[in-house]
1. Hey, can you tell me all the residues within region 19-29 that are part of a helix (DSSP H, G or I) and surrounded by 12 or more Cβ atoms within 10 Å (Cβ to Cβ)?
2. Would you check if residue 73 is in contact with a helix residue (DSSP H, G or I) (Cβ under 7 Å, 6 or more places away or on another chain), part of a loop (DSSP other than H, G, I, E, B) and either modelled with pLDDT under 95 or surrounded by fewer than 16 Cβ atoms within 10 Å (Cβ to Cβ) (or both)?
3. What residue, among those in region 44-54 that are assigned to a helix (DSSP H, G or I) and out of contact with any helix residue (DSSP H, G or I) (no Cβ under 6 Å at 6 or more places or on another chain), is farthest from residue 15 (Cα to Cα)?
4. Kindly evaluate residue 57 against the criterion of being within 13 Å of the chain's Cα centre (by Cα), more than 23 Å from residue 15 (Cα to Cα) and surrounded by fewer than 18 Cβ atoms within 10 Å (Cβ to Cβ).
5. Is region 83-97 home to any residue that is crowded, with 18+ Cβ neighbours inside 10 Å, out of contact with any helix residue (DSSP H, G or I) (no Cβ under 6 Å at 6 or more places or on another chain) and either modelled with pLDDT of 90 or more or part of a helix (DSSP H, G or I) (or both)?
6. For region 30-46, what are the residues that are surrounded by 14 or more Cβ atoms within 10 Å (Cβ to Cβ) and free of Cβ contacts under 8 Å to residues at least 24 places away in the same chain?
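The values are calculated or read from the model by the stated rules, or taken from the named source; none is laboratory data. From a predicted model like this one, the values you see are computed outputs, not experimental measurements. FYI the Cβ positions are ideal-geometry reconstructions off the backbone, even for glycines, and counts take in every protein chain you see.
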């Protein structure tokens, strides 16, 4: 699935998020706009850490992403980030790179879905 196919319900639990925000859609739009702005920075930090095979940096980047994804009730991204936080359990750099790639794809899906939400599509 490419980012263009992403729908909000595919990448996050909109009902749970709405409950957390007490139905405040304006707040959700503000949070989404912040994510859209910060997403490239988070993704760059992760990719840079993976390219340099720096496990502590990978773990820090994944931990921050996990927190962000949790805020949006984005369970698929949370789970992938959680796996990367435990990256030192995977001795194989190839596996870490694959995991980071899957997380990057999921973050792109979240980004696209939130853009759609903000634009009213």
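1. 20, 27, 28, 29, listed by residue number.
2. yes
3. 51
4. Here the answer is no, as residue 57 does not meet what is asked.
5. Checking region 83-97: not a single residue is crowded, with 18+ Cβ neighbours inside 10 Å, out of contact with any helix residue (DSSP H, G or I) (no Cβ under 6 Å at 6 or more places or on another chain) and either modelled with pLDDT of 90 or more or part of a helix (DSSP H, G or I) (or both).
6. 45
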